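Enquirer: Please find one structure pasted underneath; my questions will follow.
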Amino acid sequence: MILLGAILAGMVVGVSLASLHKRPWSVPPLRKPWLAILSFLPQLVFLYLPATRKWVPDELTAAGLIVSLVLLLVFCWFNRQFSGVWLLAWGLFLNLLVIAANGGFMPISPQTASRLVPPETLAALGNGDRFGYKDILLLPEKTHLIWLSDFLLPPVGFSYQVAFSPGDAFIAAGAFWLMVMPGKALEAPKIILK
Amino acid sequence: MKTQIAKLFVFTRMINRQHIQIVFALLALVLFVLGAGAPSDGGIVSH
């Protein structure tokens with residue numbers, strides 16, 4: 001939800017800025033969109049579709065998630081000329097790193113998870129159990145690269161509680177930036193020699 | 001009936017290659033962020 005919110009917010013800001021400067025705005029013409037769709041397929045089958053998710057063993061799901069993330073990195077490479085894609089790629093790389101280091105799932109600590117589900121739900125789960133779609137409940141001392149895991153949370157009073165990783169924050173920033181400046185490529189700083 | 005078919009024909013002619021590319025690019029971006037990101041709101045817990 002927060003990531004789709006970043007796209008939507010970027011679109012609103014992008015359209016507003018474009019109309020302010022009286023220039024046209026369009027969705028970035030991403031190259032090889034079929035690759036992103038293809039990359040998402042393993043996640044759709046193994047993680048999101050209720051009919052298939054329950055039949056897939058965790059090992060296969062973990063492998064599918066890693067393959068999917070690697071393919072998405074390739075998609076980033078084909079679209080590296082667009083502004084924002086480097087942020088997307090960096091966030092994706094950080095998530096891939098921590099997921100690969102923890103058996104193919106994004107680790108979340110019981111303390112963080114306690115902000116998301118009722119205590120009785122959490123009590124029924126043990127160390128190493130799946131949590132949400134891509135997460136795995138892991139004690140901090142059992143977690144590799146804990147500073148890249150889902151440990152970030154909005155303020156306590158916030159109506160929508162969600163745990164996210166630093167990688168997710170980069171992905172949200174990248175998606176926002178891509179929609180604000182859809183046609184602009186990141187330019188290297190120009191050095192003028194005198 | 002003929003009018004409706006004519007209207008449909010005009011509408012489909014308005015959907016050009018560029019529109020399809022835009023829809024594909026947007027779909028790719030949405031699936032990218034859903035695929036690359038791993039936030040959790042505790043959605044489904046049991047598997």
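Bear in mind these aren't lab numbers, they're just calculated from the coordinates by the rules spelled out. Just so it is clear, the model here is predicted, and its values are computed rather than measured. Cβ coordinates were reconstructed from backbone atoms using ideal geometry, including for glycine residues, and neighbour counts include every protein chain displayed.
Enquirer: So if each residue of separation counts as 0.36 nm, and I subtract the Cα-Cα distance between residue A:58 and residue A:74, what length gain in nm does that give? Please report the intermediate quantities before stating the final value.
Expert: Values: separation 16, 0.36 × 16 = 5.76 nm, distance 2.46 nm.
Full extension of this stretch gives 3.3 nm more.
Enquirer: Under the Karplus relation 6.51 cos²θ - 1.76 cosθ + 1.60, θ = phi - 60°, what is the ordered set of whole-Hz ³J(HN,Hα) values for segment A:120-135, x standing for Gly and Pro?
Expert: Running phi through 6.51 cos²θ - 1.76 cosθ + 1.60 with θ = phi - 60° gives 5, 5, 5, 5, 7, 9, x, 4, x, 7, 5, 9, x, 8, 10, 9 Hz.
Enquirer: Moving on to the next point. What are the ³J(HN,Hα) couplings of segment A:4-16, residue after residue, when phi is run through the Karplus curve with 6.51, -1.76, 1.60 and θ = phi - 60°? Round to Hz, x for glycine and proline.
Expert: For segment A:4-16, the Karplus curve yields 5, x, 5, 5, 4, 5, x, 5, 4, 5, x, 5, 5 Hz.
Enquirer: Is the C-alpha gyration tensor of the protein assembly as shown telling us rounded, prolate or oblate? Criteria: a/c under 1.5 is rounded; beyond that, a/b larger than b/c is prolate, otherwise oblate. Could you put the intermediate results ahead of the total?
Expert: Numbers: a/c = 1.98, a/b = 1.47, b/c = 1.35.
Prolate is the answer for the protein assembly as shown, as a/c is 1.5 or above and a/b outweighs b/c.
Enquirer: Explain nothing, just compute: Karplus ³J(HN,Hα) = 6.51 cos²θ - 1.76 cosθ + 1.60, θ = phi - 60°, for every residue of segment A:145-162 in order, whole Hz, x for Gly and Pro.
Expert: 6, 4, 6, 10, 7, 6, 10, 7, 9, x, x, 3, x, 4, 5, 9, 9, 8
Enquirer: What whole-number distance in Å separates the alpha-carbon centres of segment A:22-86 and segment A:114-183?
Expert: The distance from the Cα centre of segment A:22-86 to that of segment A:114-183 comes to 19 Å.
Enquirer: 5 Å is the cut-off here: which amide hydrogens, built 1.01 Å from N in the peptide plane, fall below it relative to residue A:106, excluding neighbours closer than 5 in sequence?
Expert: Amide H neighbours of residue A:106, under 5 Å, 5+ apart: A:135, A:136.
Enquirer: Which chymotrypsin sites (Phe, Trp or Tyr not before Pro) in segment A:117-165 pass both tests, a DSSP loop state and at most 12 other beta-carbon atoms within 10 Å?
Expert: Values: sites: A:131, A:133, A:147, A:151, A:158, A:160, A:164; in loops: A:133, A:151, A:158, A:160.
Listed in order of number, the matching sites are A:158, A:160.
Enquirer: Whose amide H sits under 5 Å from the amide H of residue A:116, counting only residues 5 or more places off or on another chain, with H placed in the peptide plane?
Expert: none
Enquirer: Something else about it: Can you check what the net charge comes to around residue B:25, using other residues whose Cβ is under 11 Å from the Cβ of residue B:25 (Lys, Arg +1; Asp, Glu -1)? Walk me through the numbers before you get to the answer.
Expert: Working: positive: A:31, A:32; negative: none.
Overall, the nearby charge balance is +2.
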